[in-house]
Structure formats: C-alpha cells, structure tokens
Amino acid sequence: MTGVLAFIGRNTRSLFRYASGLYELSAKTAFWAFVAPFKGRGLKWGSALHQMVLVGYNAVPIVSLIAFFIGMVLAFQGAYQLEKFGASYFVAALVGVSMTRELGPLITAIVIAGRSGSAFAAELGTMKVSEEIDALEVMGLNSVKYLVVPKYLAMLIMMPCLTLLADLAGILGGASFGLYQLEQTFSMYVLATRDALVMRDISTGLVKSVVFGLTITTVGCYQGFAVEGGAEGVGKATTSSVVMSIFLVIVADVLFTALFYYTG
Amino acid sequence: MANDAAEPMIRVADLVTHYDERRILNHVSLEIMPGETMVILGGSGTGKSTLLRHMTRLEIPTSGHVYIKGQDVCHMPEEQFNQIRRKIGMLFQSAALFNSMTVQENVALPLRELTQLEEPTIRIMTRIKLDLVGLSGVERFMPAQLSGGMKKRAGLARALAMDPEILLFDEPSAGLDPITAAGIDSLILKLKMAFRMTIVVVTHELASAFVIADRITVMHEGEIIVVGTPEEVRNSRHPRVQQFLNRVPEGNERDVKAYLRSLTESGF
C-alpha cells in the first residue's frame, strides 16, 4: 500500500517538476525573444535564419507530401460515406475544412516534432554532455539566448508557413481524388472548396500551429538541457522529446479546438 | 598562508553541496592567492571537479560561499556576475569546443559577443592567442578534425581570449598521452611565468601536479585533507595522502570473513 502511495507521490512530484521546468524555460525564452532585444541585449538573427532553413525550408517536401496523402485519404473515406447520400459534391468541403481547421496544423506538428523537436533535444543534449553549454555559461553567454531563442523564433515563423502549405497540399490531394473518382473538373473542386471555407477555418488552424510549434521547441530544448550521462542520455532525451511533444501538442489541440468551438 | 596581508583571489568558505541526497562537498574552505598556481589533487569522485565548478558558479551550493576578489559570487545577480566572469577563463575536461564552429570562430566567440572590437582586430587577437598555445595554421579546422591535445590547446586559447586574471583547468591532461600531457603542463607553466595569472588546476596526475603547483590541496570524500607546498604534501603523514602518493589501491586490508558473510547474508 505504502509502495503504491510512494509510487503515485513520486510520479506526481516528477510531473510537477517537469511542468514547472517547461514553464520556466518558456518564460526565459519569451523574455530573451521579446523583451531583451528592446533593452539592447541583442538577438541572434543569423542563427534564427539558419534555423528557419533547417526547420522550415528543409521540411517542405516531407510536410507537403504527407499532407497531400492525408488529403487524398480523407477524400476516399469521406466519399465512402457521402456517396450513400448522393452527396459526393461535399467531399471538397469535408477535405477543405478538416485540413485547414485540424489536420493541416496537426500533421505539420507531428512531422516537425519528429524532425526538429528530436533534433533540438539531440543537439542540446550532445552540447550538454560535451560541456559546451557549461562553456557558454562560463563565458557569460546565456544559453537560452544563444541556443533556444533562434529555434523558438524559427518555429514561430515557420510553423504557420508550413501549415498553410500543408493545408494547400491536403486540398490538392483531395482534388486529385475528386478529378478521377468524382469526375469533377479541377476548377469545380476548387470552387466547392472555396464555398465551404471561411477565413476563420484557416486562421484558427494557424493559431494552433503557432502554439504547437512553441510547444515542440520548449519540450525539445528542455529535454536537451536535462540530459545526464553520455550518449545513452541523449538517446533517451531524443525519444522522450518526440513522445512528450506529440502528447502535449494533442492536449493543446483539444483545448484550442474546444475554445474555438465555444467561441465560434 | 604565504602572504596574510593580501586579499585572496578566490576564497571558498564552508562550502557544502549535495547532488540529490548525496553529499559531494563537506564544509570545504580554501584560499587561493593572486598569482598562485593551486593544484587540487584527488581520486575520482572526491568532489574536486565540483569544487572547481563552484568557482565559476556552474553549481549552486547547499550552503557556504565562494568569494572572488572579495565578492560573494553565489548570491549576486546574474548580470553582476557576468562582469566577474569575463575575468575567469576555464578549460574543460573535454575542451568543450563548439563543434559547429571552426577553431578560429571558437576562439573569437567571446570577443565577438562580449566586446565592441572590430572584426580585423578580433582576427589578430585570435591569431595571437592561438600562437600563444602553439596552434598556428589550424584556424579553419573544425574541432572534430583536431587531435585530443590540439583540442585542449584550442580550448585554452578560447579561455585566454578575454585576458582572464583567473584560469581554471579541469583535468587538463585527462585522455592525453604522457608527451602531450607534459606539453600542456609546460604551457601552464609558461602562462604562469608570462602573465602571473591565478591558476587553479584539478587533476589526479601526480607528476603534473608536482611540476606546476605552488601549493597543492589534497581532497578525499568531499573534504580537504591537506593544503601545502608540494614539499609539505610529499612529507605529509596523513594516511590518505600517502596512499594517494604511493598509488596503493583501495580495500587491500578487507576482512575476508566479513566479506564472505556479506555475500551469504544478502537477501536471496
């Protein structure tokens, strides 16, 4: 019995420690990204641009390809039900709305968590193990400013861009199904999508994508900083950064979807 | 102490540190004078590296203080300590070069980030520092292309970039062959002669300790057991010091019966 209580207690404590660690890191990052530059403390624009290429530009092919396929699958699955009602016309609406509101941001976040979140954890973890982070601190260079803020800004800017791209690719995926199976013309499909979409669908998706991006950055960097003990520690941190950021992305997704639903 | 009138460069007062529940340092007090080379000697896990890390606030103590030039660095704001930090250079055990930058960029980093110097000046200063440690012509190399000894030298050049008054070395000869290690030792001696820096070296290499030290501190299980000149340490009657100097392995005098009992009585 006491064993069970101790188990629950220990896990609750480590959960709170994790949560407060994440909070602390995101507060520090927000300070160094948005407050410090206006106090003349500088910002590493060069590394931020470099990170934008890594997390954004280089992810373009994989994000658009996956979103294209998801859009296509969505059209298949939607048509399977809608055909029964003779409502195949609404496949375009289904794909358009679900891509922009939900799947565009979510698919992008999951791909980026696997691609960049893990890379952040591995990079910072390796630097921690090889004392590079200590070396920065000893020089009086703030590790959050030098290592986290460029990634944070890159994600802040690139996640909405990638999400828009994913939205578009998903709609094209749906359209490719529409062309061959529903015998629609491309312009008919696009018109049907346009009729169904409102600006709010796209903007709520983009708001979500920003939240997801910041979550992935914070979790990845936090796990990297928390690495202890060599290569094995780096491996563990990389794995748990992906698992944890996907989990938190989905939690945030639930919260924001509910929020948009009730305020919509 | 050699000179009671002078203020110590580094004063560690009654320092206690824990990692989780394990006590690493147990009421450690130590004074290091300006211009002195202090070697902290001890086996693995005796807390000597932790003590060194406290001197540049990489660790926060459970209790106690570290004073640098009379200022308590454990409890001052980050901003204020950054000013003091500029006067401290540190060479890490693994050299800790930034792997994504060339050697030149590594050495130039503190100058670029912390000073207003022009790029040509920085380039010249970088070259001077690299010459000083005997590393000319590798500016464009990446750290991964350097040998262990060259990495240490490059790390030292970076530590020297801001012309520090205090230089900290964490295991400078760890992982190096004896000849390269001797090269690092003579480099430390050269810096000591040329710049009168205050140098603190953590090591377990006896030979190197007796070559470079003005004074030696011997640590065991988180406590300082002897502080003195190399001669005083060599003549110390303390059993742990003698054990360390004569390289006697731990646990030779283990009671055989107690050992057998501990094997059979473990809870299986």
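The values are calculated or read from the model by the stated rules, or taken from the named source; none is laboratory data. None of these values were measured; they are calculated from a predicted model. Neighbour counts are summed over all protein chains in view; Cβ atoms, including those assigned to glycine, are modelled from backbone coordinates with ideal geometry. Side chains are part of the model used for accessible areas, which takes the heavy atoms of the whole protein and leaves out ligands, DNA and RNA. Shrake-Rupley method; radii C 1.70, N 1.55, O 1.52, S 1.80 Å.
One table, with the values for the structure above:
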read-out: Cβ-derived FRET efficiency at R0 30 Å, residue A:60 paired with residue A:27, nearest 0.05; value: 0.40
read-out: Relative contact order, percent, the stretch B:21-109 [alpha-carbon distance under 8 Å, six or more residues apart]; value: 15 percent
read-out: Exceeding the 27 Å Cα-Cα cut-off - candidates B:48/B:192; B:151/B:192; A:28/A:128; A:145/A:236; B:87/B:190; A:39/B:151; value: A:39/B:151
read-out: 13 Å beta-carbon shell around residue A:230, net charge (K/R +1, D/E -1); value: -1
read-out: Accessible surface ranking that places the most exposed of B:54, B:204, B:75 first, with a 1.4 angstrom probe; value: B:75, B:204, B:54
read-out: 11 Å beta-carbon shell around residue B:115, net charge (K/R +1, D/E -1); value: -1
read-out: The stretch B:118-195: chymotrypsin sites (Phe, Trp or Tyr not before Pro) in DSSP coil with no more than 12 other Cβ atoms inside 10 Å; value: none
read-out: For the protein assembly as shown, calculated [θ]222 nm from helices alone, where every DSSP H run of n ≥ 4 adds -39500 (n - 2.57); value: -18500 deg cm²/dmol
read-out: Whichever aspartates and glutamates have a C-alpha closer than 13 Å to that of residue B:257, once near sequence neighbours (fewer than 8 apart) are set aside; value: B:265
read-out: Ranking by accessible area, most exposed first, for B:20, B:185, B:177 with a 1.4 Å probe; value: B:20, B:177, B:185
read-out: Cβ-defined net charge surrounding residue B:106, 15 Å radius [Lys, Arg +1; Asp, Glu -1]; value: +3
read-out: Within chain A, longest stretch free of exposed GluC sites (Glu not before Pro) [DSSP loop, at most 14 other beta carbons within 10 Å]; value: A:1-182
read-out: Euclidean distance between Cα centres, the stretch A:119-153 to the stretch B:109-181, Å; value: 20 Å
read-out: Span from the the stretch B:196-268 Cα centroid across to the the stretch B:58-105 one, whole angstrom; value: 27 Å
read-out: With all protein chains modelled, accessible area of residue A:89 [1.4 Å, Å²]; value: 120 Å²
